[in-house]
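Heads up, the thing below is written out as structure tokens.
The values are calculated or read from the model by the stated rules, or taken from the named source; none is laboratory data. Note that the structure is predicted; figures quoted are calculated from it, not measured. Don't worry about glycine lacking a Cβ; one is built from the backbone with ideal geometry, like all the others, and counts go over all protein chains shown.
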Amino acid sequence: MSGQVLWVLNNPAAGYLRLLDQLPGSTHIVAGDQKEIFDPAPDPDAVFCGIGKGKLLEEVWPRVSRARWLHSFTAGLEHVLFPALVESAIPMTNAKGVYGRSLGEFAIAAALYFAKDFRRMVRSQEAGEWDPYDVEELAGKTFGILGYGGIGREAARRAHALGMKVIAIRRHPEQSGSDPLLEQVLPPAALRDMLARCDYVLVSAPNTPQTRGLIGAAELRRMKPSAVLINVGRGPVVSEPALIRALEEGWIKGAALDVFDVEPLPSGHAFYRLSNVLLSPHCADHTPTWLEDSMQFFVANFHRFMRGEPLENLVDKKLGY
């Protein structure tokens, strides 16, 4: 068979799959969300794993393992990776960075929400009350970032433009040593020291065995009582029981959350009732084109694959990002 064989593990009716029309005409595409669809298909050269299709990927793994490239439609890989895949030699890419702009904007919106106390402003407006009060400026405040990848950099760019001092934690600080957006870049061991210095802390780290529960009670107690935690990475990176206690007892000023341990967030969860929480139902990156943007990134990478060029967004499967 001429051309490349591409398996698309995804609902074949998804509108964004129309962008596959941009692939070379010789590409043999097999798309579906049931194992039986792929049984009679030729072995793939490349595999596209859609949202929530990690289990299907594992079911077809005996044949996928022979492919030369695997792409995850999402940035988070915790629901895609399984032992055989992690130990395999197959190159894997993901969608990290595709949603960075929108999430960077959300981080700054969250900081402004607390600095200007928009909740009080809206509440007074709805009550028909004239209620002047003092507000804070973001300029001069310290903005800390845990996880300085694509999202972290987009947030840093906006925070820096507003006159904030930006500090980042990343696994390899030397990779950002000359970054003009950063006042300082620190190793993971300096996390608690960074937390104590920050007025706003953005969590944009992936969910891996090393990051789960990274922000717990001890870390939250190191933060200023006036500080705000913003999580757009993954829910399990922050201990929910510890965060609820911190918010209820005033260890920190507030939290803006786009991600949670369990999604959808169960009815009656404490986050719904806490007035010092800004809650986004994991949609801070759901722009009108977010699915198409991720698909367009895959299409561009497929053309690199066809030309034998280096793929963008190669992930370290053992690290989980």
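Some points to look at:
- Residue in the stretch 111-132 that is surrounded by the fewest Cβ atoms within 10 Å (Cβ to Cβ), counting only those that are in contact (Cβ under 8 Å) with a residue 40 or more places away in the chain and not charged (D, E, K, R): 113
- When 259, 201, 185 are checked against the criterion of being assigned by TED's automatic domain parsing to the domain that holds residue 141, in contact with a Gly (Cβ under 6 Å, 6 or more places away or on another chain) and part of a strand (DSSP E or B), 201 stands alone in meeting it.
- Residue that is farthest from residue 22 (Cα to Cα), among those in the stretch 271-321 that are among the β-branched types (Val, Ile, Thr) and touching a residue at least 40 places away in the same chain (Cβ under 8 Å): 315
- Matching residues in the stretch 240-253 - criterion: being surrounded by 21 or more Cβ atoms within 10 Å (Cβ to Cβ) and small (Gly, Ala, Ser): 246
- In the stretch 88-110, the residues that are farther than 16 Å from residue 153 by Cα and either in contact (Cβ under 8 Å) with a residue 12 or more places away in the chain or touching a His at 6+ places or on another chain (Cβ under 6 Å) (or both): 88, 90, 91, 92, 93, 94, 110
- So residue 236, is it outside any loop (DSSP other than H, G, I, E, B) and either more than 24 Å from residue 119 (Cα to Cα) or hydroxyl-bearing (Ser, Thr, Tyr) (or both): yes
- Selected residue (criterion: surrounded by the fewest Cβ atoms within 10 Å (Cβ to Cβ)) from residues of the stretch 164-178 that are part of a loop (DSSP other than H, G, I, E, B) and under 20 Å from the mean Cα position of the chain (by Cα): 172
- Exclusive hit being buried (at least 18 other Cβ atoms within 10 Å of the Cβ), charged (D, E, K, R) and farther than 25 Å from residue 26 by Cβ, set 316, 261, 285: 285
- Hits in the stretch 276-289 (condition: at negative phi and within 13 Å of the chain's Cα centre (by Cα)): 283, 284, 285, 286
- Here residue 147 meets each of (1) closer than 30 Å to residue 189 by Cβ; (2) surrounded by fewer than 18 Cβ atoms within 10 Å (Cβ to Cβ); (3) touching a residue at least 60 places away in the same chain (Cβ under 8 Å) with one exception, condition (2).
- Condition check for residue 88: more than 24 Å from the chain's Cα centre (by Cα) and either over 18 Å from residue 316 (Cβ atoms) or modelled with pLDDT of 95 or more (or both): yes
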